[in-house]
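**Q** Just dropping this structure here.
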Amino acid sequence: MDTELARTFLVVVAAGNFSTAAEHLHVTQSTVSARIRSLEQLLGCALFVRNKAGTSLTPAGRQFQKHATNLVRTVEAVRQTVGIQSGFRATLTLGGRFGLWEQLLLRWLTWMRQHQADVSVRAEIGLDAELMQRLIEGSIDIGVIYTPQSRPGMTVEHLLDEQLVLVATQPDATGPGDPDYVFVDWGPEFFHKHSVHFPDRGNTPLVAGIGWLGMQHILAEGGSGYFPLRLVREQLNSGHLTLIEQAPKFALPAYVVYPTEAEPTVIGPAVAGLRQVATEP
């Protein structure tokens with residue numbers, strides 16, 4: 001399928017009508033109409049209901065929308081990767097959890113520029129399950145995650161142990177059970193340990209799927225939550241947060257995952273760089 005047809009379809013969906021879509025694409029409205037007509041003929045179904053108010057998707061159009069998005073995204077990623085490789089020895093895509101990028105994987109990017117300057121790097125953020133799936137599909141080369149899955153053809157290597165500590169904006173906070181406690185979802189292992197230590201914590205008013213969100217809420221509105229000590233040292237030193245010393249601490253291991261049969265001259269140095277930055281304070 002011509003990706004230009006799929007791209008035009010998505011622009012029409014976003015614009016709500018053919019005329020505005022034509023302005024965004026810098027073509028005539030008749031060109032947009034012709035492209036959509038060709039796409040509908042190719043798929044054998046109507047994608048839009050056209051009326052005076054604009055356009056709306058048919059059921060078939062709604063089904064095609066997600067496929068069109070994936071198609072355009074894939075082609076753009078391939079185009080970018082191939083274009084980048086022409087000026088470098090190789091291209092490497094690394095995906096990591098949001099919290100692992102802070103003060104860790106960002107240092108790895110600097111390491112790569114200093115030690116592997118002829119390798120083009122693409123940085124991605126995602127959750128563990130998504131990153132594992134992308135490793136299996138081959139759309140990323142290395143994943144740095146908290147909860148890896150054992151899959152054939154994948155090497156899983158322990159990278160470091162985070163220390164999750166309870167921090168708060170008030171020194172008398174007790175954490176779970178407090179009305180302003182934020183439960184940050186650091187994965188199933190943390191959930192299990194947390195439940196064992198706090199079996200009577202009751203309902204949590206706020207659950208954050210990403211540590212950064214929980215941290216920003218606590219700093220803005222007050223409260224407490226568990227975060228890697230690596231991420232809160234600056235806030236502790238500045239006095240914006242207090243370490244609740246009497247609260248239990250949890251270990252949260254992080255892993256680097258990559259295809260076992262990956263190109264060793266590219267993956268090998270990159271993983272070595274991860275090991276190095278992981279040992280730095």
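The values are calculated or read from the model by the stated rules, or taken from the named source; none is laboratory data. Bear in mind the structure is a predicted one, so any value in this text is a computation, not a measurement. Here Cβ is always computed from backbone atoms with ideal geometry, including for glycine, and neighbour counts include all displayed protein chains.
**Q** Would you mind stating whether GLY222 is surrounded by fewer than 18 Cβ atoms within 10 Å (Cβ to Cβ), without any contact (Cβ under 8 Å) to a residue 60 or more places away in the chain and either within 30 Å of SER120 (Cα to Cα) or in contact with a His (Cβ under 8 Å, 6 or more places away or on another chain) (or both)?
**A** No: the conditions fail for GLY222.
**Q** Which one of these does LEU100 not meet: (1) in contact (Cβ under 8 Å) with a residue 60 or more places away in the chain; (2) over 16 Å from VAL271 (Cα atoms); (3) assigned to a helix (DSSP H, G or I)?
**A** (2)
**Q** State whether one or more residues within the stretch 88-95 are out of contact with any His (no Cβ under 7 Å at 6 or more places or on another chain), in a loop (DSSP other than H, G, I, E, B) and modelled with pLDDT of 90 or more.
**A** Scanning the stretch 88-95, I find no residue that is out of contact with any His (no Cβ under 7 Å at 6 or more places or on another chain), in a loop (DSSP other than H, G, I, E, B) and modelled with pLDDT of 90 or more, so the answer is no.
**Q** Could you tell me whether the stretch 58-75 includes any residue that is within 16 Å of SER19 (Cβ to Cβ), in contact (Cβ under 8 Å) with a residue 12 or more places away in the chain and of a type in the set (Val, Ile, Thr)?
**A** no
**Q** Next question, about the same structure. Cβ contacts < 6 Å: first residue within 16 Å of ILE145 (Cβ to Cβ), restricted to the stretch 179-203; second residue surrounded by fewer than 17 Cβ atoms within 10 Å (Cβ to Cβ) and at pLDDT 90 or above, any location; separation 6+ or different chain. Result?
**A** Hits for this filter: zero, empty list.
**Q** Sort out which residues of the stretch 108-140 are under 21 Å from LEU252 (Cα atoms) and modelled with pLDDT under 95, and write them in order of number.
**A** ILE125, GLY126, LEU127, ASP128, ALA129, GLU130, LEU131, MET132
**Q** Hey, which of the helices (runs of 4 or more DSSP H) in the stretch 162-280, taking only ones fully inside, have at least 1 residues that are at pLDDT 95 or above and in contact with a strand residue (DSSP E or B) (Cβ under 9 Å, 6 or more places away or on another chain)?
**A** Of the helices (runs of 4 or more DSSP H) lying wholly inside the stretch 162-280, those with at least 1 residues that are at pLDDT 95 or above and in contact with a strand residue (DSSP E or B) (Cβ under 9 Å, 6 or more places away or on another chain) span 211-221, 229-238, 264-279.
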